[in-house]
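Quick note: the coordinates plus some simple rules give every number you see, no bench work behind them. Not measured: the values here are computed from a predicted model. Because the Cβ atoms are built from the backbone with ideal geometry, glycine has one as well, and the counts that use them run over all protein chains shown.
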Amino acid sequence: MQNPENPITENYQNQLDASRQLAQTVLTCTEKIDHTLLQTAQELFMEQTRFAQALVNSRDPKQIILLQSSFLSHTPECVTQSQKDILQICQEMQDQVGKTMEQFLEHVSQGPLLPIPGAVSGEKSRTDFMAPISDLFDVWSKAFQQASTLATHNLEVASSNFEKGKNTIAEASKAASHDKHNK
């Protein structure tokens with residue numbers, strides 16, 4: 001006679017393995033997205049620093065206006081690359097989650113229907129085995145919502161700083177022009 005706890009143990013082990021794989025995937029990909037955003041922010045900061053240094057070193061109002069125009073009229077390549085990288089990371093995450101779910105469901109479909117302790121007595125449902133997975137999807141969804149909120153906040157801050165920089169440049173240009181006319 002087969003030990004009735006083996007299928008239960010095996011099903012729980014399968015759940016734990018699937019949950020661990022999903023958690024590892026989410027954490028790894030979230031870390032990659034975080035690294036990409038930090039790298040992009042650093043590159044944008046360095047570009048703004050170079051631009052500010054060029055403005056400080058420039059004394060000619062025409063050159064200041066040219067610098068300002070060229071800086072404001074382009075989209076940095078790092079932003080475009082960052083977007084591509086994030087989309088690639090999300091695709092990687094979806095692929096890995098899909099593989100994990102496929103393996104999990106394949107295992108569940110091959111095993112016997114066993115009740116989960118704490119479930120309504122007599123109820124034997126495969127959906128009980130999905131509870132840890134659906135919980136993990138909730139965590140994954142919330143993580144992406146938080147990442148989206150953070151990215152939106154960072155873009156708003158960058159936009160605000162950009163506007164402040166633009167206003168400072170305009171004021172410096174006016175002051176330089178005013179000083180030139182007064183001399």
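Computed over the alpha-carbon pairs of segment 33-118, the distance histogram in 5 Å steps reads 3, 12, 12, 12, 10, 9, 8, 6, 6, 5, 5, 4, 4, 3, 2, 1, 0 percent, short to long. Between Phe45 and Leu66, the FRET efficiency estimated from the beta carbon spacing at R0 = 30 angstrom works out to 0.85.
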